[in-house]
Structures are given as structure tokens and as C-alpha cells.
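Here's the structure we're looking at; comments come further down.
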Amino acid sequence: MAKTVLKLDFHPVTPERWEDLEKLFGPRGAIGGCWCMWWRIKRVEFEQQQGEGNHEAMCSIVESGKVPGILAYSDGEVVAWCSVAPRGDYPVLDRSPKLKRVDDQPVWSIVCFFVGKDYRHMGLSSKVLQGAVEYASQQGARIVEGYPIEPKKDRTPDIYAFTGMASTFKKLGFQEVARRSESRPIMRYFIE
């Protein structure tokens with residue numbers, strides 16, 4: 001039975017919160033041993049280290065002092081994750097014809113959401129997106145960029161919605177700035 005989430009608190013993933021990320025992602029590393037390394041390393045490397053290797057790679061990022069994203073908590077329990085960091089932390093974006101840079105503006109990128117199974121389909125993505133924008137702003141970001149999907153069908157399996165839904169980004173004030181794919185706009189939020 002899903003719980004009602006009234007209030008979320010957000011915290012950056014630091015070494016002190018590493019175990020919370022592990023708990024949320026579980027033994028499968030969120031989905032298929034990803035550990036949110038998909039946008040961070042070359043595809044061949046991702047495939048070679050899928051699972052435990054990606055787990056170790058993400059752990060190394062956290063232990064280095066870099067913050068790879070934020071965790072959302074409800075009543076002290078970890079319920080969701082969002083990968084948000086300067087775009088340079090995600091080199092795979094620049095190798096993608098669809099997601100390459102729009103311009104030379106410094107942006108922070110939001111590339112992944114993961115909501116714990118008991119908390120899905122409760123509207124958490126919009127709250128987590130808002131938390132990610134606020135975190136990026138606190139770190140000095142002036143532009144936050146996302147790469148959500150805009151599906152042709154009404155319902156999209158969760159596994160394909162890990163970058164978020166365009167409708168959620170639009171509701172929070174993100175603007176489409178480029179579209180090189182029918183189903184994946186590049187959207188930006190401009191922080192005043």
C-alpha cells in the first residue's frame with residue numbers, strides 16, 4: 001500500500017548519506033545495475049562495469065566529495081533521487097546528437113529521477129524536480145537544463161521515464177529551447 005507523502009526534505013548525496021542512496025537503489029542499483037552512471041561514462045565502459053562496477057564508480061564519486069545528486073526524504077525515510085550537477089559531469093550528453101549543447105551557456109543538468117517503488121504515481125517527480133532546481137540555484141546555477149521525454153502514448157513504462165516527463169518540466173516553468181528528437185526536448189529553467 002502506497003504511503004501519502006505530505007512533505008519532502010532534500011539533501012545532497014554526501015558520504016554521510018551514501019547508505020541512504022544504496023537503500024533507495026537496492027541491490028539492482030535502481031534499474032539494471034545503472035547506479036546512475038549512464039550519462040557519466042562511455043557506453044562500452046558502462047556495459048563492462050554494469051552492476052557492481054557502476055556501484056563502485058558512484059561510490060567513488062561520492063567519496064571524492066563531488067555531489068552527484070540529491071535525495072528526497074519523507075518523515076526521515078529516503079523516497080527519491082535526482083541526479084543534478086553541472087553539465088560537465090555528464091560527458092555522454094555531448095556525445096549525443098540529440099542532447100548535445102544548445103549553446104555555450106553554463107548550465108546544470110537534471111538527467112535522472114528514481115522514486116522508490118512504494119512512492120511511485122503520487123506526483124513526487126514534480127516535487128523532486130523543484131528540489132533539484134532549488135539545490136542547483138543554491139550552488140550558483142543560473143540555468144537548469146533537463147532532457148525529459150514527451151511520449152506519443154498516454155502511459156509510459158517507468159523504466160523509460162527516468163529523465164522525467166516534459167509535462168512535469170513545463171508545469172514548473174521550464175521552457176523548450178531545442179528539439180532534435182520528436183519525443184525528447186531540451187528544456188531550461190532560468191533562475192532569476
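Laid out as a table, the results:
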read-out: Heavy-atom accessible area order for Ser96, Ser109, largest first, 1.4 Å probe; value: Ser96, Ser109
read-out: Relative intensity, log₁₀ I(q)/I(0), of segment 1-73 from a Debye sum that treats every alpha carbon as a point, q = 0.12, 0.24, 0.26, 0.28 Å⁻¹; value: -0.35, -1.09, -1.21, -1.32
read-out: Leading residue at positive end of dipole, the chain (Cβ point charges), from Thr163, Val13, Pro27; value: Thr163
read-out: Simple Cβ-charge dipole of the chain, Lys/Arg +1 and Asp/Glu -1, about Cα centre, in debye nearest 20; value: 820 debye
read-out: Of the trypsin sites (Lys or Arg not before Pro) in segment 22-73, those whose Cβ has at most 14 other Cβ within 10 Å and which sit in DSSP loop; value: Arg28, Lys42, Lys66
read-out: Fluctuation leader among Gln48, Gln175, Gln130 - the chain, Gaussian network, Cα springs under 10 angstrom; value: Gln48
read-out: Helix-derived mean residue ellipticity, 222 nm - over the chain, DSSP H n ≥ 4, -39500 (n - 2.57), to 500; value: -7500 deg cm²/dmol
read-out: Percent accessible area from carbon and sulfur atoms, the chain, protein chains only, probe 1.4 Å; value: 50 percent
read-out: Globularity index of segment 64-116, i.e. its alpha-carbon radius of gyration over 2.2 N^0.38 Å; value: 1.36
read-out: Size of the chain as Cα extents on the principal axes (Å, biggest first); value: 38, 37, 35
read-out: Listed residues Cys112, Pro151, Val78: farthest to the positive end of the dipole of segment 56-192 (Cβ charges); value: Pro151
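The values are calculated or read from the model by the stated rules, or taken from the named source; none is laboratory data. It should be emphasised that the depicted structure is a prediction, and the values quoted were computed from it without experimental measurement. Positions of Cβ are generated from backbone atoms using ideal geometry, with glycine treated the same way; all protein chains shown enter the neighbour counts. Protein only, heavy atoms only, side chains kept; ligands, DNA and RNA dropped before computing areas. Shrake-Rupley method; radii C 1.70, N 1.55, O 1.52, S 1.80 Å.
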